[in-house]
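Where a number appears in this text, it was derived from the coordinates with a stated rule and is not lab data. This one's a predicted model, so the numbers in the text were calculated from it and none came from an experiment. Virtual Cβ from ideal backbone geometry, glycine too; neighbours counted across all protein chains shown.
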Amino acid sequence: MIVATSEHIRGYRVVRTIGLARGNTIRARHVGKDLMAFGRNIVGGEVSEYTKLLAEAREQAIDRMVAQAEELGANAIVGLRFSTAQVMSGAAELLAYGTAVVIEPDPDAVDGGS
């Protein structure tokens, strides 16, 4: 499945718009990781524990969005966006959403290289 942040995918045309596809996850902070992050906050630098947590959350949300799009009969998602919201102290939702579409190669597309 092709997933794009743009509304168009070069070399393809949308032949059917299915509608909204979304996937989300809610992640809570871990006390042990909070202690490590607190230490990094004192000395400075990237809080890699949270970077990893957010990266995993993004991937899970995308996977769930793709699964929903496939169930709807799509073979691509355009206009991918992310949204976050705090649902309680120490827990946040990450939502991935886009438009599920059916695409096919565009025979009229001019291949301009890369």
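Pop a pseudo-label 7 angstrom from the Cα along the beta-carbon direction at both ARG13 and TYR50 and give the gap in nm to one decimal.
4.7 nm
With θ set to phi - 60° and the Karplus curve 6.51 cos²θ - 1.76 cosθ + 1.60, what are the ³J(HN,Hα) couplings of segment 59-67 in order, to the nearest whole Hz, using x for Gly and Pro?
5, 5, 5, 5, 4, 5, 5, 4, 4
Taking amide H positions as placed in the peptide plane 1.01 Å from N, state which residues far from ILE18 in sequence (5 or more) or on other chains have amide H under 5 Å from it.
ALA100, VAL101, VAL102
With a Förster radius of 30 Å, plug the Cβ-Cβ distance of ARG29 and ASP106 into 1/(1 + (r/R0)^6) and report the FRET value to the nearest 0.05.
Details: r = 46 Å, r/R0 = 1.52.
According to the calculation, E is roughly 0.05.
Taking R0 as 22 Å, what's the FRET efficiency between SER83 and GLU59 from their Cβ-Cβ distance, rounded to 0.05?
The value I calculate is 0.90.
Which residues does the label zone of ILE2 cover in segment 90-110, counting backbone N under 17 Å from a point 7 Å along Cα→Cβ?
Hits in segment 90-110 for ILE2 at 17 Å: 98-110.
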